[in-house]
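S.K.: Below you'll find the structure I mean.
Quick note: the coordinates plus some simple rules give every number you see, no bench work behind them. Only a predicted model underlies this, so the values are computations on that prediction, with no experimental measurement involved. So basically every Cβ, Gly included, is an ideal-geometry build from the backbone, and we count neighbours across all protein chains shown.
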Amino acid sequence: MYNVKSMKAEEFISHEEILDTLAYAEANKDNLALVDEIIAKAELRQGLSHRDASVLLACEDAERIAKIYALAEQIKKDFYGNRIVMFAPLYLSNYCINGCTYCPYHAKNKHIARKKLTQEEVRAEVIALQDMGHKRLALEAGEDPVNNPLEYILECIKTIYSIKHKNGAIRRVNVNIAATTVEDYRKLKEAGIGTYILFQETYHKESYEALHPTGPKHNYAYHTEAMDRAMEGGIDDVGLGVLFGLERYKYEFAGLLMHAEHLEAVHGVGPHTISVPRIKHADDIDPNAFANGIDDETFAKLVALIRIAVPYTGMIVSTRESQAVREKVLRLGISQISGGSRTSVGGYTEADRPTDTEQFDVSDQRTLDEVVHWLMDLGYIPSFCTACYRAGRTGDRFMELCKSKQIQNCCHPNALMTLKEYLVDYASEETRAIGEKLIEAELLNIPKENVRAVCADHLKKIEEGIRDFRF
Ligand code: SAM
C-alpha cells in the first residue's frame, strides 16, 4: 500500500506505514546502538527518513536528546547562519463554509463577526504593515467560494503589490488558503505569490474526517494531494504544517516527513517550509477539549528533529507561541517568525487589539520593533529579505544554494541590507543603535571580499536614502 511516488494520498501517507513506523520506533527507542547510528547519519546533514527520525522521537535517553539538540543547533547555524526571516499574517476574510472543529471561523459559529476586507481596507492594512517595516506577508482567508472566491484573493494580491507608500513595499506575498484546483494554483503563481502554505492539520484520515465534519475541507484526499496540484500548477515553494494537538504527535511527525519525502520523490523538491502551529484558545474553541496537546518540551524536541530530518527546509513559528518558547525553538531550528501580528480581519488598522474576528489568541503580543530588538539582543539578524523569490531562486534552485552553503555570500549580505532599510526607515532609536553595531560586525562575516564591498556600498546608499535596488 505504501508508495512514496503514488499520487494518491492514502498511498504516500499510508496509515499502515505510519503504524509500522511507530511500532518500529517504540521497539527500538532503547536500542542505543541504533539511536547512535541514526544520530551519526543525521550528522552527515543529508536528512533522515521518517522511520529513522521516528526512532529518535521515541527515544527518551537524556544524553541522546541533548546530542540531538546540539546537532539541530549546529545544522541550523550551518545552513541558515544567524538570520531570522520576518513576516506578518494578513487576514483578508473570515467567511468560511467549513466545519473545522478547532477553528472559530467554522460555519456554525453564528456569534463571531464576519468580515471581508474591501480593496480600500486591504490598502489601509498594507500601509499599516509597511509602516511597521514588514516586507513579507502571509495571506489568510477562510474558504468560501461566494464571499472569498479565488478572484477576490487575486485582486487582493494585485492591490498589495501595487502599494508604494514612503519607502515601503510588500515584496513577497505568501498565501495560506484552502486547497484548490491546478488551474487556480496556476493563477496564484501568475499573480506572483511566494510560498503556497497549506496545513494538513492532521495526517490521520479518520481523525481528519471527524475534525472536518462538513464543507469541502472534509475531503481528506483532496486536501492531502493539494501540494501536488500546486506544484503541477507551477508553484515550486510549498509550505507544510500540522496543527499539533489534534492527533498524537508521533503519528503527525511520521506523516509530515512522509509528505516531505513524497514531494521530493515526485517533484524533485521538498517543502520550502514547515510550520509548527499548536492549537490555541479562540472564540468558541477550548484547546483543552483536544486530547493530544503537547507540552513545551515535546514541542522543542519536534522542532529539533524536524531540523535534522529535513535540513534544507525552512521552519516557521508564529505568535501562537510565547516569547520564551520562541526563544527556545529559534535555537533549535526555526528560520522564520512573525512579529507584531494581528490574527483578526482588519486588525492592523483598528486602534485597540480587536478580538471579534480573531482566529486565535496571540501569545507574543510585542510590536515588530520589540521583536527585532529582542532578536538582535539574542545575536540573530532579523532579515526582511525576499530576493530569492524575485531572482527566481525558488524550489530546487533555492535548495541547491542551501545545500552548497552559498547562503553566506548571498542571504547574509541581503539580510544585512534589508535590516539596514528597516533600521533607517522604521526602527526606534534604541533598536537602530543596536542594529547599526550588529551590521558593522556582521559585514566582516561575508566570506567573499567583492561581495562584502558591494554590500558596504549598498549600506551607505541606504543610509543616504537611496532605495533603488531590491533584496
Ligand atoms: N482556510 C484555509 C485552510 O483551510 O487551510 C486557511 C487556514 S487558516 C486561516 C490558517 C490555519 O490556522 C489553519 O490551517 C489552522 O491550522 C490554524 N488554526 C485554526 N484554528 C486554530 C486555533 N484555534 N489555534 C491555532 N491555530 C488554528
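S.K.: Near LYS164, which aspartates and glutamates are there with a Cα under 18 Å away, not counting those fewer than 8 places off in the same chain?
M.R.: LYS164 reaches GLU120, GLU121, GLU125, ASP131, GLU155, GLU421, ASP425, ASP468.
S.K.: Specify whether the C-alpha gyration tensor of region 9-76 places it in the rounded, prolate or oblate class, a ≥ b ≥ c being the square roots of the eigenvalues: rounded for a/c under 1.5, otherwise prolate if a/b is larger than b/c and oblate if not.
M.R.: Here region 9-76 falls in the oblate category.
S.K.: Are there any GluC sites (Glu not before Pro) in region 31-91 that are in a DSSP loop and have at most 13 other Cβ atoms within 10 Å? List them by number.
M.R.: For GluC sites (Glu not before Pro) across region 31-91 that sit outside H, G, I, E and B with at most 13 neighbouring Cβ atoms in 10 Å, the list reads GLU60.
S.K.: Given the pairs LYS110/LYS205; LYS67/LYS301; LYS135/LYS461; LYS166/LYS460; LYS41/LYS76; LYS115/LYS166, which span a C-alpha to C-alpha distance of over 22 angstrom in this model?
M.R.: LYS110/LYS205; LYS115/LYS166
S.K.: Here's something else I'd like to know. Looking at the chain, send over the antiparallel percent of its DSSP beta bridges, to the nearest 5.
M.R.: Beta bridges within the chain, antiparallel portion: roughly 5 percent.
S.K.: For a footprinting-style exposure proxy, rank SER404, SER428, SER338 by other Cβ within 10 Å, fewest first.
M.R.: Result, fewest neighbours first: SER404, SER428, SER338.
S.K.: Note down the relative contact order for region 406-463 as a percent, whole number, built from C-alpha pairs under 8 angstrom at least six residues apart.
M.R.: For region 406-463, the relative contact order is 49 percent.
S.K.: Also: Mind checking which aspartates and glutamates have their Cα closer than 15 Å to the Cα of LYS280? Skip sequence neighbours fewer than 8 apart in that chain.
M.R.: GLU201, GLU247, ASP295, ASP296, GLU321, GLU358, ASP361, ASP364
S.K.: To continue, here is another question. Over the Cα atoms of region 406-463, how large are the radius of gyration and the largest Cα-Cα distance (Dmax), in Å?
M.R.: Values for region 406-463 (Cα only, Rg and Dmax): 11.0, 33 Å.
S.K.: Where a ≥ b ≥ c are the square roots of the eigenvalues of the C-alpha gyration tensor, would you call region 140-287 rounded, which needs a/c under 1.5, or, failing that, prolate if a/b is larger than b/c, or oblate?
M.R.: prolate
S.K.: Could you tell me which of rounded, prolate or oblate describes region 79-390, using a ≥ b ≥ c as the square roots of the eigenvalues of the alpha-carbon gyration tensor, with rounded for a/c under 1.5 and, failing that, prolate when a/b is larger than b/c and oblate otherwise?
M.R.: It comes out rounded by the Cα gyration axes.
S.K.: Now for a different question. Under a plain spin-label model, where a point goes 7 Å from the Cα along Cα-to-Cβ, how far apart in nm are HIS165 and ASN31?
M.R.: Going from the HIS165 label point to the ASN31 one covers 5.8 nm.
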